[in-house]
Amino acid sequence: MIEMYGVTKIYPGGQVALKDISLKILKGEFVFIVGPSGAGKSTLIKLLFREELPTRGQIFFAGKNITRLRPKEIPYLRRRIGIVFQDFRLLPEKTVYENIAFAMEVVEAPGRDIRKRVPYVLERVGLAHKAKAKPSELSGGEQQRVALARALVNNPDVLVADEPTGNLDPDTSRDIMNLLDDINKRGTTLVVASHARELVDSMKKRVIQLEKGSLVRDEERGVYSNET
Ligand code: ADP
Ligand code: ADP
């Protein structure tokens, strides 16, 4: 599903964020990206949906080299990758329903499909009863569920999440992580950057560890850190 070969990212100004990263993520996998602040996790995620381009190296998504996409091919990539952030990034003036519908409107889905699909994804994240609420009326966990519904509404192949539980309390974080696991079990590939040591340890998923931009560990059923 995702392949990186010799990917290096140097930001303008000279900051080296990623050094010679090669990795493969197969369809249906659930992968955590861990490492201390500044290790390069967010940069890796930005490269996946082409918010940033690598300085060197190649990135393939579903067999297509996304470092060489033409501008008009980028919306196609973004439809196949759903994205969730730590700070939810919902539109504050729109209701829950409208926030999710908007993600389908921007890819010009027919109204008929939108009216069918939005209630379905709201149900899936357990928020059907909040369709008419505004984000400010929701708890943090509920806002992240809306963000997840929005990321899933166009039925992406991959869901990418950058610190999805970073703003949530431990119980709510666990709920969101269980929801991500459920989404993965229904077939979506998951790539999750996370600082949540205990959650990562309890999930027993593949763990890729970055340190100062280098890939230092890649383990099946791994833990947050092998250091004690
Ligand atoms: P993490 O997500 O693991 O905290 P980041 O990918 O955000 O790491 O950052 C990796 C390195 O790249 C850090 O040294 C950071 O300061 C730097 N960096 C991140 N974004 C930018 C940017 N837009 N411009 C310059 N340097 C950046
Ligand atoms: P949490 O403890 O997870 O932060 P909250 O106490 O913020 O949860 O919210 C508990 C419930 O009350 C949630 O269902 C949320 O949607 C609802 N709620 C919170 N704030 C408001 C508000 N300003 N208006 C309407 N409902 C609200």
### Task
May I ask what percent, to the nearest 5, of DSSP beta bridges between residues of the chain are antiparallel?
50
### Task
Please give the contour-minus-distance gain from residue 129 to residue 195: 0.36 nm per residue of separation, less the Cα-Cα distance, rounded to one decimal in nm.
20.7 nm
### Message
From the gyration tensor of the Cα coordinates in the stretch 64-116, what semi-axes in whole Å does the equivalent ellipsoid have, largest first, with each one equal to sqrt(5λ)?
### Response
24, 16, 8
#### Entry: Cβ crowding within 10 Å averaged over residues, with 119-125, 107-113 ranked highest first
119-125, 107-113
### Query
How would you order 68-81, 154-167, 210-223 from highest to lowest mean count of nearby Cβ atoms within 10 Å?
154-167, 210-223, 68-81
## Note on the structure
Length gained, residue 112-residue 93, 0.36 nm per residue minus C-alpha separation, equals 4.5 nm
#### Entry: Length gained when the stretch residue 186-residue 64 is fully extended (0.36 nm per residue, less Cα-Cα span)
41.5 nm
### Task
Estimate the FRET efficiency between residue 15 and residue 76 by the formula 1/(1 + (r/R0)^6), using the beta-carbon distance for r and 25 Å for R0, to the nearest 0.05.
0.25
### Message
Just to be sure I understand the curve: with the Debye formula and one point per C-alpha of the stretch 156-228, what is log10 I(q)/I(0) at q = 0.11 Å⁻¹?
### Response
-0.27
### Query
How far is the Cα center of the stretch 149-228 from the Cα center of the stretch 88-123, in Å?
25
### Task
Please give the residues of the stretch 173-209, grouped as numeric ranges, whose backbone N is less than 20 Å from a label point set 7 Å along the Cα-to-Cβ vector of residue 217.
191-209
### Summary
Rounded to one decimal in Å, the inverse mean reciprocal Cα-Cα distance for the chain, i.e. its Kirkwood radius, is 18.1
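Every read-out reported here was derived from the displayed coordinates using simple, explicitly stated rules and does not represent laboratory data. Quantities reported herein were computed from a predicted structural model and do not represent experimental measurements. Neighbour counts run over all protein chains shown; Cβ positions are idealised from the backbone, glycine included.
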